[in-house]
Amino acid sequence: MDANGALLRWYRPRRAAYPWRTGAPDPYRTLVSEVMLQQTQAPRVAAALGPFLARFPSIAALAAAPRSDVVRAWGALGYNRRAARLHEAARVTVRYHAGRLPPDPAQLQVLPGVGPYTASAVASIAFGVPVAAVDTNVRRVAARFLFGANPEGVDRTQLREAIDRWLHRREPGTWNQAVMDLGRLVCRPAPRCDVCPLAAGCRFRASSRPRPRARSQPAFRGSWRELRGAIVRLLRSRPSATLSSLAGRTGRALHDVAAAVRALDRDGLVRAGPAALAGRPSGRLRLADEPRSGIVPTGTS
């Protein structure tokens, strides 16, 4: 079967489903949307992207803004470290690339918070560079379609080489988004083979191996991530807060709140005073306007 033809025909009506796909490709909008999409469902990003870009319409505007404004504008997307890293990536771009994102995936990957997947997505979607953006969804689609196995059953290097050969080199950005959508919506951990455009040529569907069940997600309530997010959310609406007030509002033990605050301070999201870093109940903190020192560590995606 013509796998790429079937895939792109399936994707075509979906192309306008999300705001980051409409209009001419824009490197800045693509970067912001791809960072937002890390570990966040697409409908939530669709709602958040427009207001964020209205507040920071260019990479120069984002770089010039205080860190606290960026974190506030990040809203309820969660994983707030992404906002800090995106902010620092904008500053690095202004400082070293004259405010223009480079098309080279290797140069993009040097930016804070931009890993191999995000760099490839931005390069292919915004600049048409023929490089595959390989995330968990893409690995699953390719492993099943090309090898008849789940990704853990295929050598990682062999799988990557096969994906690179499969890539539609004339429309790499469209192809990457199509495979991502297919993995997210159809070729899920428990696959929906009956609606898959690649079903006719899929080796996994043709095999007799048992279909996997959907995996349960780790509990969010009571987690470390929930506590970090709650602290940032509370600080968005006030100039500062004490450890004791945060403990009271989150219902978490003071030592847990203090540990979360120290981690948020290291990540450049909050600025905690010495008393707060020492875990004293009266210690104060606020959202950070500047990172404490240097560049936020490069993240992976």
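What follows is calculated from the coordinates using simple rules that are stated; it is not laboratory data. It should be emphasised that the depicted structure is a prediction, and the values quoted were computed from it without experimental measurement. As a convention, Cβ positions derive from the backbone with ideal geometry for all residues, glycine included, and neighbour counts pool all protein chains shown.
The orientation-averaged shadow of the Cα convex hull for the range 111-206, equal to a quarter of the hull surface, comes to 6.3 nm².
Centroid-to-centroid, using Cα positions, the range 153-206 and the range 58-77 are 35 Å apart. Taking the helices alone, the chain has a mean residue ellipticity at 222 nm of -15000 deg cm²/dmol, built from -39,500 (n - 2.57) per DSSP H run of at least 4 residues and averaged over all its residues. The packing ranking of peptides 183-190, 138-145, highest mean first, is 138-145, 183-190, where packing means the average number of other beta carbon atoms within 10 angstrom of each residue.
Reported to the nearest whole Å, the Cα centre-to-centre distance from the range 87-141 to the range 3-47 is 15. Among TYR96, TYR11, the ranking by other beta carbons within 10 Å of each residue's beta carbon, starting with the fewest, stands as TYR96, TYR11. Dividing the Cα radius of gyration of the chain by 2.2 N^0.38 Å, with N the residue count, gives 1.10. When only Cα pairs below 8 angstrom with a gap of at least 6 residues are kept, the range 1-60 shows a relative contact order of 32 percent.
Give me the angle, in degrees from 0 to 90, between the Cα long axis of helix 156-166 and the longest principal axis of the Cα atoms of the chain, rounded to the nearest 10. Helix 156-166 and the main axis of the chain meet at about 60 degrees.
Using the Cβ of GLU34 as centre and a radius below 11 Å, the other residues enclosed give a net charge of +1, where K and R count +1 and D and E count -1. By other beta-carbon atoms within 10 Å, ranking ASP265, ASP2, ASP164 with the fewest at the front produces ASP2, ASP164, ASP265.
Placing +1 on the Cβ of every Lys and Arg and -1 on the Cβ of every Asp and Glu, with nothing else charged, gives the chain a dipole about its Cα centre of roughly 820 debye.
3J(HN,Hα) along the range 256-271, derived from phi through the Karplus expression 6.51 cos²θ - 1.76 cosθ + 1.60 where θ = phi - 60°, amounts to 5, 5, 4, 5, 5, 5, 4, 5, 5, 5, 4, 7, x, 8, 10, 10 Hz, with x in place of Gly and Pro. Toward the positive end of the charge dipole of the range 26-127, with +1 on the Cβ of Lys and Arg and -1 on the Cβ of Asp and Glu, the farthest Cα among HIS87, PRO27, ALA123 is that of HIS87.
Can you tell me the 0 to 90 degree angle between the C-alpha axis of helix 27-37 and the longest principal axis of the chain, rounded to 10? Long axis of 27-37 versus the principal axis of the chain: about 80 degrees. Sorting the segments 83-94, 277-288 by their residues' average number of neighbouring beta-carbon atoms within 10 angstrom, most packed first, yields 83-94, 277-288. Of all the options LEU159, LEU62, LEU101, the one that moves most in a Gaussian network model of the chain with Cα springs shorter than 10 angstrom is LEU159. Putting +1 on Lys and Arg Cβ atoms and -1 on Asp and Glu Cβ atoms, find which of VAL257, LEU62, GLY78 reaches farthest to the positive end of the dipole of the chain. In the chain, that residue is VAL257.
The angle separating the long axis of helix 224-236 from the principal Cα axis of greatest extent in the chain is about 60 degrees.
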